[in-house]
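J.: Dumping the structure here so I can ask a few things about it.
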Amino acid sequence: TRTVPPESTVQVNRPFWLRGGRADIDSGYAVVSVLFGQHVVAYGSVVDNQTDDPTTIAMKEGLGHLDHWLGAAATTDGAHGSAWRTDLCLLNRSGGVATAEDRYRSDDGVSTTETVVLQAGEQKTLPNLVGELGQSGGGSIEVFSDRLVFASSRTYNIGDAGTYGQFIDAVPVASSAAVGRTVWLPQLEQNGSFRTNVVILNSGHLSARVLIRLFDGDGDELATRRRTLAPMERIQLQEPFSRNAGRNDIDRGYASVAVETGGGIVAFASVVDNATNDPTTVPMRF
């Protein structure tokens, strides 16, 4: 139990070890309950001891969802000598036994399903999910379960010294962007130090058309592009500031994705350090 003064931060360092006496936790989780007061924000930071690369674990409320999507999963090689893998995490706080189907859909149309049974209170981490399913390349994951579960993932680059990764959270179907909505992707960079990729997923059962707009930090529009996505299709725009706008000097750019037809759109950006291949996830903002 900790008391947090108003407008203050309390950092609990290595609680599994210093409070729980455990240094063998491969798939742990924590629960933060607010006993009194309000406006509490919590997150975790999982740090690779070899590279000191931190991955932010965003807080979740409630008991989870029955149907949600992760916009990226991979077993593939990428730019600048990177090698990408994805670990999927499922947590069951529903109070009963949950059965979840992990439906991986590759960008080339291959679909593979794995069934996972979770006891009450159990969490399972599935390392290198795409590779373990016998697939390669990139795609998306739908998690469909008979009870409410939490789903999240870490996609990371394997380097000589360790890993550099990013937290990619599952987006429930109800939180995807419908027709007429616009989502925003802030804090993007495309320059000698960083590159940006944009991912757009159509989780719906109808075709969708989106309008993608790129901006510099002054709000000047640099490029626009329309794309039509078939149901369950995912596209990744590789370095669009460079390839579509001809700009490699962007230090504070941003993008918008407007849904013109269809729905079920999930979008995010990944800003990657060119020197380390360390990715940072930029989730969509309404």
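The values are calculated or read from the model by the stated rules, or taken from the named source; none is laboratory data. Just so you know, these numbers come straight off a predicted model, no measurement behind them. Cβ: placed from backbone, ideal geometry, glycine included. Neighbour counts: every protein chain shown. With ligands, DNA and RNA removed, areas are computed over all heavy atoms of the protein, side chains included. Shrake-Rupley method; radii C 1.70, N 1.55, O 1.52, S 1.80 Å.
J.: If I model a spin label as a point 7 Å beyond the Cα along the Cα-Cβ vector, how far apart are those points for Thr228 and Asp249 in nm?
T.: Placing both labels 7 Å beyond Cα along the Cβ direction yields 3.8 nm.
J.: Can you give me the Rg/Rh ratio for the stretch 97-193, using Cα atoms for both radii and the Kirkwood formula for Rh?
T.: In the stretch 97-193, Rg relative to Rh is 1.01.
J.: I would also like to ask the following. Tell me the label-point distance for the pair Gln238, Val110, using the 7 Å Cα-to-Cβ offset, in nm and rounded to one decimal.
T.: Placing both labels 7 Å beyond Cα along the Cβ direction yields 1.9 nm.
J.: So, in nm, how far is label Asp26 from label Ala120 when the simple model puts each one 7 Å beyond its Cα toward the Cβ?
T.: Label-label distance for Asp26 and Ala120, simple model: 2.7 nm.
J.: If you consider only alpha-carbon coordinates, what radius of gyration and Dmax does the chain have, in Å?
T.: Both quantities, over Cα of the chain: 19.3, 54 Å.
J.: Right, another one. Between the stretch 207-233 and the stretch 1-64, how many Å separate their Cα centres?
T.: So the separation of the two Cα centres works out to 36 Å.
J.: Translational diffusion coefficient of the stretch 141-212 at 20 °C, 1.002 mPa s, Stokes-Einstein with Kirkwood Rh over Cα pairs, in µm²/s as a whole number.
T.: Rounded, D is 137 µm²/s.
J.: Here's another thing I want to ask about it. Could you give the length gained by full extension between Ser207 and Met59, i.e. 0.36 nm per residue of separation minus their alpha carbon distance, to one decimal place?
T.: 50.1 nm
J.: Right, something else. List the longest stretch of the chain that has no exposed loop site; here a site is one of the GluC sites (Glu not before Pro) assigned by DSSP to anything other than H, G, I, E or B, with at most 11 other Cβ within 10 Å.
T.: 62-286
J.: Could I ask something else about it? Specify which residue in the list Ile141, Gly159, Ala83 is farthest towards the positive end of the charge dipole of the chain, using unit charges on the beta carbon of Lys, Arg (+1) and Asp, Glu (-1), about the Cα centre.
T.: Result: Ile141.
J.: Just the accessible area per residue of the stretch 105-243, please: how many Å² with a 1.4 Å probe?
T.: Accessible surface, normalised per residue, equals 45 Å².
J.: At a 1.4 Å probe, what is the % contribution of carbon and sulfur to the accessible area of the chain?
T.: 48
J.: Residue by residue through the stretch 11-21, what is 3J(HN,Hα) from phi via Karplus (6.51 cos²θ - 1.76 cosθ + 1.60, θ = phi - 60°)? Round to whole Hz and write x for glycine and proline.
T.: 10, 9, 7, 6, x, 4, 8, 6, 9, x, x
J.: Roughly speaking, what is the stretch gain from Val10 to Glu101, that is 0.36 nm per residue apart minus the C-alpha to C-alpha distance, in nm to one decimal?
T.: 29.0 nm
J.: Name the chymotrypsin sites (Phe, Trp or Tyr not before Pro) in the stretch 19-49 that are in a loop by DSSP and that have at most 10 other C-beta atoms within 10 Å, would you?
T.: In loop regions of the stretch 19-49 (DSSP not H, G, I, E or B), the sparsely surrounded chymotrypsin sites (Phe, Trp or Tyr not before Pro) are Phe36.
J.: Still on this structure, please answer the following. Please report, in debye to the nearest 20, how large the charge dipole of the stretch 56-150 is about its Cα centre when each Lys and Arg carries +1 at its beta carbon and each Asp and Glu carries -1 there.
T.: 240
J.: Here is a further query. Would you kindly compute the Cα radius of gyration of the stretch 47-128 and its largest Cα-Cα separation (Dmax), both in Å?
T.: 15.2, 45
J.: Okay, moving on. With the radius of gyration and the Kirkwood radius both derived from the Cα set of the stretch 132-286, what is their ratio Rg to Rh?
T.: Rg/Rh for the stretch 132-286 comes to 0.97.
J.: Grab the Cα-Cα distance for Asn274 and Leu35, subtract it from 0.36 nm times how many residues apart they are, and report the gain in nm with one decimal.
T.: 81.6 nm
J.: Another question about this same structure. From the phi of every residue in the stretch 65-81, what ³J(HN,Hα) in whole Hz does the Karplus formula 6.51 cos²θ - 1.76 cosθ + 1.60 yield, where θ is phi - 60° and glycine or proline is x?
T.: 9, 8, 9, 8, 10, 10, x, 7, 7, 7, 9, 7, 9, x, 5, 6, x
J.: Once the stretch 1-110 is represented by equal point scatterers at the alpha-carbon sites, with solvent omitted, what log10 I(q)/I(0) does the Debye formula produce at q = 0.09 Å⁻¹?
T.: Here the Debye-derived log intensity ratios amount to -0.38.
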